[in-house]
Each structure stands twice: as structure tokens, then as C-alpha cells.
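In what follows, a single structure is set out as C-alpha cells and then discussed.
The values are calculated or read from the model by the stated rules, or taken from the named source; none is laboratory data. Everything quoted here is computed from the prediction, not taken from an experiment. Cβ: placed from backbone, ideal geometry, glycine included. Neighbour counts: every protein chain shown. When the accessible area is computed, the model is the full protein with side chains, heavy atoms only, and any ligands, DNA or RNA have been set aside. Shrake-Rupley method; radii C 1.70, N 1.55, O 1.52, S 1.80 Å.
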Amino acid sequence: QGGAYALRWVLLASAMLLIQLVSLWKILPLNHRQGEATLLPRFGPGNLLTLARGTIIALLVGFLFIDQLPGIWAWLPVSLYFLSDLTDFFDGYLARVSGMVTRLGETLDMNSDALGVLVATLLAYQYGTVPWWYLPFGFARYLFLLGLFFHQRKGLPLHPMKPNKTRRFFAGVQMGFITVMLMPILGPPATSFA
């Protein structure tokens with residue numbers, strides 16, 4: 001059974017890496033600084049760190065649909081997601097100090113945040129640490145995008161969101177919470193109450 005699990009993990013993680021590569025290819029034209037049209041010849045340290053986060057999340061995807069690993073191996077998913085959280089903390093900083101803040105970086109960061117939260121939420125549900133009604137939190141970004149799609153399809157205008165510091169705070173709280181929910185030492189009813 002270990003071989004079947006390993007093969008499933010490799011296939012899922014590889015499929016997610018492929019999806020991310022196709023997505024990156026589509027948004028490459030955004031690799032320019034704010035207010036400039038000239039494409040940059042390289043990604044910059046912030047974008048490279050965000051791409052590394054995407055790889056970490058793809059590795060995390062491999063654990064979907066597989067029983068929670070035994071012993072110390074059970075800490076691998078939470079360790080990967082925690083590492084993903086850490087890279088999220090530093091990628092924007094690296095982009096700013098290197099002068100390589102780009103639309104590509106913003107898009108990659110948002111996509112990685114959303115995918116990471118979704119995968120971690122699905123894993124926490126799979127492991128039984130969060131109830132089914134917590135799943136919409138994992139899908140929040142995608143539900144928002146679906147709403148925008150239907151709004152635009154009706155011919156209604158789209159307006160940019162106003163800057164809001166609390167959005168970033170709540171996103172950080174959500175990422176921290178779901179990280180804790182992935183810890184193998186925790187379980188219901190405490191996690192369901194949390």
C-alpha cells in the first residue's frame with residue numbers, strides 16, 4: 001500500500017506543478033514594474049521565492065486523498081504548509097528591497113495564497129480536524145472569482161477593491177489557524193470548537 005500511496009502522491013504533486021507552470025506561462029506578460037510596460041528579463045528574488053512557495057504547495061497537494069501518515073511523518077504536511085507561510089511573509093519584502101515589485105509577483109502571491117489555503121483546508125477536513133462547514137473558507141477566493149465572473153458576464157461594471165489593512169490581517173489569521181489545524185496532535189472536539 002505504501003507504493004500506491006507514493007505513486008498517488010507523485011501524480012497529484014506533479015499534476016499541480018504542471019497546472020502552475022501553465023498558469024505561470026499565461027501570466028508572464030505581467031512581469032513588469034508598476035507603471036512600466038517593459039518586460040523584465042528575470043523574475044527577481046521575490047518572485048523566485050513565490051515560485052518556490054508554489055512548489056511547496058504542489059508537494060502539499062500530493063497528500064490529498066491519502067490517509068494521514070503515521071508517526072513523525074504526520075508532521076510533513078503541516079511542516080510544508082508552515083514553510084509556505086514563511087515564504088509568504090518574505091516574498092513581498094524581497095521584491096521591494098530588490099526594486100522588482102511586479103504585477104506578476106502580485107498575481108503569483110495571490111494565487112499561491114488562495115491555493116495554499118484551499119489545499120490546507122481540504123487536508124484539515126480530510127484529517128477530521130475541521131468540520132465540513134469550514135470548507136467554504138478554503139474556497140473563499142475561488143467563490144469570489146466566480147462571483148466576479150458572473151457579475152461581469154451580466155455586463156455589470158467591476159470596480160477595484162479599496163485598500164484595506166484588515167483584509168491582510170484576516171488572511172494571516174486564516175493561514176495561521178489552518179496551520180495549527182494541520183498539527184497531528186490536535187483533533188476534535190477541540191479543533192471543531194476552535
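Being part of a loop (DSSP other than H, G, I, E, B), closer than 22 Å to Ala13 by Cα and modelled with pLDDT of 85 or more, is that true of even one residue in the stretch 129-137?
No, that holds for no residue.
Hey, can you tell me all the residues within the stretch 1-47 that are open to solvent by 50 Å² or more (accessible area, probe 1.4 Å), in contact (Cβ under 8 Å) with a residue 24 or more places away in the chain, under 15 Å from Ser98 (Cβ atoms) and not polar (S, T, N, Q)?
Within the stretch 1-47, Arg33, Phe43, Pro45 meet the criteria.
Which one is nearest to the chain's Cα centre (by Cα) among residues in the stretch 71-84 that are modelled with pLDDT under 90 and either small (Gly, Ala, Ser) or under 15 Å from Leu49 (Cβ atoms) (or both)?
Step by step, filter the stretch 71-84, then rank; the result is Ala74.
Would you check which residues across the stretch 88-112 are buried (at least 18 other Cβ atoms within 10 Å of the Cβ), touching a His at 6+ places or on another chain (Cβ under 8 Å) and not polar (S, T, N, Q) and list them?
Selection gives Leu104 alone.
Name the residues in the stretch 48-79 that are in contact with an Asp or Glu (Cβ under 9 Å, 6 or more places away or on another chain) and either open to solvent by 90 Å² or more (accessible area, probe 1.4 Å) or within 17 Å of Leu123 (Cα to Cα) (or both), would you?
Leu48
Every residue, every condition in (1) farther than 26 Å from Leu28 by Cα; (2) open to solvent by 30 Å² or more (accessible area, probe 1.4 Å); (3) basic (Lys, Arg); (4) touching a residue at least 24 places away in the same chain (Cβ under 8 Å), yes or no:
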residue	(1), (2), (3), (4)
Tyr81	no, no, no, yes
Val117	no, no, no, yes
Leu123	yes, no, no, yes
Tyr142	no, yes, no, yes
Lys154	yes, yes, yes, no
Asn164	yes, yes, no, no
Gln174	yes, yes, no, yes
